[in-house]
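The values are calculated or read from the model by the stated rules, or taken from the named source; none is laboratory data. None of the values given here were measured: they were computed from a predicted structure. With ideal geometry, Cβ positions are generated from the backbone for all residues, glycine too; neighbour counts draw on all protein chains shown.
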Amino acid sequence: MRIGIISDTHDSSRYVRRALEVFAEQKVECILHAGDITGCSTASTLAMAPGNRMIAVFGNCDTERLSLRSAIETSGGEIHDRVFDGQVDGKTVTMMHIPRGINHAAASGKYDLIVFGHTHRQDIQRSSTTLVVNPGAGQTVIVDTADMSATAQSLA
C-alpha cells in the first residue's frame, strides 16, 4: 500500500489539489495529514479523495476544530485531537503535529512509521526499525508499506 503524507496545508487549495494529483498518480490508498489543515473546504476535499482512507491530527492553527472534525468525518475520514496511534496496512503508525517525543518514540522500536509536521521543513529519517517523516509545507512524501521506502515530492 502507498501512503500519501501531507502537513501544514494552511487551507492552500493549490497545494491540496496538487497533492491529490500526486496521490492519484502514485496510487495512494491512505492519506495522513499531520495537522494545520485550517479550512473546512480543504478538509472535505482531502477526506473525499476517491479510494483513500484519510487520517488527520489537529495542528496548532486548527482553531475551528468542530467544523474541521465535521467536514472530515462527514466525508468518511478521521481526525484525532493530538496523536494518532494505530495501524495502517499492518504497520504501526503514530502521528502528531508538534514533534514532542519523536526521538523517544523512534528509540522505543514500537513504531514502523512516525509522522509529524509543524516545522514546515521536510525531514525523512530512518532508524533500524522506524521511518520518521515530516513532509514539510508545500511538499508531500509517499511511503510504500511493502518496503517502507519514502519518496518526497514538491507540490509547487
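One residue stands out among those in region 60-79 that are polar (S, T, N, Q) and within 24 Å of HIS120 (Cβ to Cβ): the one that is modelled with the highest pLDDT, which is ASN60. Out of the residues in region 28-42 that are of a type in the set (Gly, Ala, Ser) and at pLDDT 90 or above, state the one that is farthest from LEU66 (Cα to Cα). Among those residues, the one meeting the criterion is ALA34. Here THR9, THR63 are screened, and the one residue that is surrounded by fewer than 22 Cβ atoms within 10 Å (Cβ to Cβ) and of a type in the set (S, T, N, Q) is THR63. Here ASP85 meets the list (1) over 22 Å from VAL22 (Cα atoms); (2) under 15 Å from the mean Cα position of the chain (by Cα); (3) of a type in the set (D, E, K, R); (4) surrounded by 16 or more Cβ atoms within 10 Å (Cβ to Cβ) almost entirely, failing just condition (4). Note on region 46-59: residues that are in contact with a Leu (Cβ under 9 Å, 6 or more places away or on another chain) and at pLDDT 90 or above amount to 5.
Would region 80-89 turn up any residue that is under 20 Å from GLY35 (Cβ atoms), modelled with pLDDT of 95 or more and in contact with a Cys (Cβ under 8 Å, 6 or more places away or on another chain)? Checked region 80-89: at least one residue is under 20 Å from GLY35 (Cβ atoms), modelled with pLDDT of 95 or more and in contact with a Cys (Cβ under 8 Å, 6 or more places away or on another chain). Restricting region 110-155 to residues that are under 14 Å from the mean Cα position of the chain (by Cα) and small (Gly, Ala, Ser), the residue that is surrounded by the fewest Cβ atoms within 10 Å (Cβ to Cβ) is ALA152. Taking region 12-39 as the range and being surrounded by 24 or more Cβ atoms within 10 Å (Cβ to Cβ) and in a helix (DSSP H, G or I) as the test, the residues that pass are ALA19, PHE23.
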